[in-house]
Amino acid sequence: MSDSVTLPRPDDWHLHLRDGAMLEAVLPHTARHFARAIVMPNLVPPVVTGAQAAAYRERILAALPEGMAFEPLMTLYLTEATDPDDVAAAHASGLVKAVKLYPAGATTNSASGVKDFDRVRGVLERMAEIGLPLCTHGEVVDASVDIFDREAVFIDRVLDPIRRATPGLRVVMEHITTANAVDYARAQGDDLGATITTHHLIINRNHILAGGIRPHYYCLPVAKREEHRLALRAAATSGEARFFLGTDSAPHTDANKLLPCGCAGCFTAPNTMAILAQVFDEEGALDRLEAFASRNGPAFYRLPVNTEPMTLSRGAPYAAPAQVDTADGAVTVFDPGFPLTWRVD
Ligand code: NCD
Ligand code: ZN
C-alpha cells in the first residue's frame, strides 16, 4: 500500500461559489486545492447573459486572496429567453465554458429554469454547432414522480430525447446519483460526460434519514440506495474517461440548513481531496484518482491538464474543521463520518 500519491493539480467540474460574503469565505477553500472550477450560475438573480458572467467572473477574481491562483470557468444559466447569439459570443470570447440546464423548480434557485424544452431548441442547436457543452441538472420536477426516481425518469423523458433531437450536442450529466445514470453514460459516445460528487461516494439515503434526520447530508439530487452508491464508487474509481469530479460543493449557512424546510447542498470544498484519496485507497484505485480528479475533466472540456503537481499522503487520523465562518453565519463542512487519514501536503 502506497502512503502517498502525486497527481496534476485537480479541477472541480461543478461548483457553487455564491456571491458577496459567502463567496469571500468559501473561495479560498476551493482555490487552495483546485486550479479551475466550472462555476454554477444559480445566483439570485441567475447568471443568464455573457455580460452577467463577465461581471461575476470579476467578482470571483476580486475575492481571491493575494498569492492564490485560481481560474473560474464560467457558465450561463439557460432560460427560455436565452439568446443563442449571446451564448455563441460568450463562448467565442473564451469567457463561457458551458451552459447549465435546470428544469424549473428542480433545485436551489432554479425558478428561472426551463419548463418547455421546445423553447430552448435554438440555443441547443447553436451549442451543438459550436461544441459548447450543456451541463444538466438531471431531475424531473413532476410532483407525481417519487424524488428517488427523478434522475432515472429525467434520463428517459428529457435527456435522451434532447440528445436524439440535437445531434452533436455535448452533454455533461451533472452529479449523477444512480446506477441507471452510470449505465446510461457508459452506453454513449464521447459526446457525453458525467460528474460525480464526493459526498455521493460516501453517503446513501440511510445516512440522511435513519436514526434521526441529518440536514447536512441533504442535497439534490438526493442520495439514493446503497446499491447506487456502490455503482458510483465503481464508476469514479474505474478511470473511464467519461467520469470526472464535480464536487457540487454547495454552501448554505447552518441557519438556512437547519429549518423546517431547509436548503439542499453539501459543503465539501475543504475536505474533498482528502476524502477522495481515502475512497480511492479503500478501492485499491489510488493510481486512478488522477484520471478522475485531474485528467478526464480537462479532456472532456478540451482544456490542458494542469502542470503543477499535488501530493496527498496518509498519516495519523485527524478531524477536519467542522465549520467555516462567514459574515452571513457558520457553514458546516461535510462530515464523512470517519476520521480522515489522507491529507493534501
Ligand atoms: C445546489 C445549490 O445549493 O445551489 N444544491 C444542491 O443540493 N446540490 C444546487 C444544485 O446543484 O442542485
Ligand atoms: Zn450543484
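If you take the residues of the stretch 231-260 that are farther than 26 Å from HIS33 by Cα and more than 16 Å from ligand 1 (Cβ to nearest atom), which of them is surrounded by the most Cβ atoms within 10 Å (Cβ to Cβ)? Filtering first and then ranking leaves ALA231. Each residue in the stretch 174-203 was checked for being under 20 Å from the mean Cα position of the chain (by Cα), open to solvent by 10 Å² or more (accessible area, probe 1.4 Å) and either within 16 Å of ligand 1 (Cβ to nearest atom) or among the hydrophobic types (A, V, I, L, M, F, W, C) (or both), and 2 pass. Restricting the search to helices (runs of 4 or more DSSP H) fully inside the stretch 70-156 and requiring at least 3 residues that are over 26 Å from THR178 (Cβ atoms) and modelled with pLDDT of 95 or more gives 84-92, 121-130.
The set of residues from the stretch 157-173 being outside any helix (DSSP H, G or I) and open to solvent by 50 Å² or more (accessible area, probe 1.4 Å) comprises just one member, PRO167. Residues in the stretch 1-28 that are assigned to a helix (DSSP H, G or I), within 16 Å of ligand 2 (Cβ to nearest atom) and open to solvent by 10 Å² or more (accessible area, probe 1.4 Å): MET22 only. For HIS252, the conditions (1) under 13 Å from LEU201 (Cα atoms); (2) within 16 Å of ligand 2 (Cβ to nearest atom) all hold with the exception of (1).
Annotation note: Cβ proximity below 7 Å between a residue of the stretch 245-274 that is more than 13 Å from PRO10 (Cβ to Cβ) and in a helix (DSSP H, G or I) and a residue that is open to solvent by less than 10 Å² (accessible area, probe 1.4 Å) and within 14 Å of ligand 1 (Cβ to nearest atom) (sequence gap 6+ or interchain) occurs for ASP254/VAL331. Residue count for the stretch 289-339, restricted to those that are buried (at least 18 other Cβ atoms within 10 Å of the Cβ) and part of a helix (DSSP H, G or I): 12. Restricting attention to the stretch 110-137 and to residues that are within 16 Å of ligand 1 (Cβ to nearest atom) and over 19 Å from GLY168 (Cα atoms), the residue that is most open to solvent (accessible area, probe 1.4 Å) turns out to be ALA111.
Is it the case that PRO65 is outside any helix (DSSP H, G or I) and either at pLDDT below 95 or open to solvent by less than 30 Å² (accessible area, probe 1.4 Å) (or both)? Spelling it out, it is not the case that PRO65 is outside any helix (DSSP H, G or I) and either at pLDDT below 95 or open to solvent by less than 30 Å² (accessible area, probe 1.4 Å) (or both).
With respect to the conditions (1) closer than 20 Å to GLN52 by Cα; (2) open to solvent by 10 Å² or more (accessible area, probe 1.4 Å), ARG150 lacks only one, and its number is (1).
Checked against the criteria, VAL140 does not count as more than 16 Å from ligand 2 (Cβ to nearest atom) and free of Cβ contacts under 8 Å to residues at least 24 places away in the same chain. Condition test on VAL99, is it within 13 Å of ligand 1 (Cβ to nearest atom), free of Cβ contacts under 8 Å to residues at least 40 places away in the same chain and open to solvent by less than 20 Å² (accessible area, probe 1.4 Å)? So VAL99 does not fit the description; no. Scanning the stretch 255-274 for residues that are of a type in the set (S, T, N, Q) and within 16 Å of ligand 2 (Cβ to nearest atom), we see that the one that is nearest to ARG288 (Cα to Cα) is THR272. Within the stretch 273-283, the set of residues being surrounded by fewer than 19 Cβ atoms within 10 Å (Cβ to Cβ) and either within 23 Å of ALA185 (Cα to Cα) or within 16 Å of the chain's Cα centre (by Cα) (or both) comprises GLU283 only. For the stretch 204-230, a tally of residues being open to solvent by 40 Å² or more (accessible area, probe 1.4 Å) and within 15 Å of ligand 2 (Cβ to nearest atom) returns 1. Here LYS224 meets each of (1) out of contact with any helix residue (DSSP H, G or I) (no Cβ under 8 Å at 6 or more places or on another chain); (2) assigned to a loop (DSSP other than H, G, I, E, B); (3) not acidic (Asp, Glu) with one exception, condition (1). Looking at THR107, THR49, THR82 in this structure, which one is within 15 Å of ligand 2 (Cβ to nearest atom) and either surrounded by 18 or more Cβ atoms within 10 Å (Cβ to Cβ) or farther than 24 Å from PRO10 by Cβ (or both)? Sole residue among the options that is within 15 Å of ligand 2 (Cβ to nearest atom) and either surrounded by 18 or more Cβ atoms within 10 Å (Cβ to Cβ) or farther than 24 Å from PRO10 by Cβ (or both): THR107. With the condition kept exactly as written, say whether any residue in the stretch 37-44 is away from ligand 1 (no atom under 16 Å from the Cβ) and surrounded by fewer than 24 Cβ atoms within 10 Å (Cβ to Cβ). No; the residues of the stretch 37-44 include none that is away from ligand 1 (no atom under 16 Å from the Cβ) and surrounded by fewer than 24 Cβ atoms within 10 Å (Cβ to Cβ).
Assessment of the stretch 155-162 against the conditions (more than 16 Å from ligand 1 (Cβ to nearest atom) and touching a strand residue (DSSP E or B) at 6+ places or on another chain (Cβ under 7 Å)) yields no matching residue.
The values are calculated or read from the model by the stated rules, or taken from the named source; none is laboratory data. This one's a predicted model, so the numbers in the text were calculated from it and none came from an experiment. Positions of Cβ are generated from backbone atoms using ideal geometry, with glycine treated the same way; all protein chains shown enter the neighbour counts. For the accessible areas, the whole protein counts, side chains as well, though only heavy atoms, and no ligand, DNA or RNA atoms are used. Shrake-Rupley method; radii C 1.70, N 1.55, O 1.52, S 1.80 Å.
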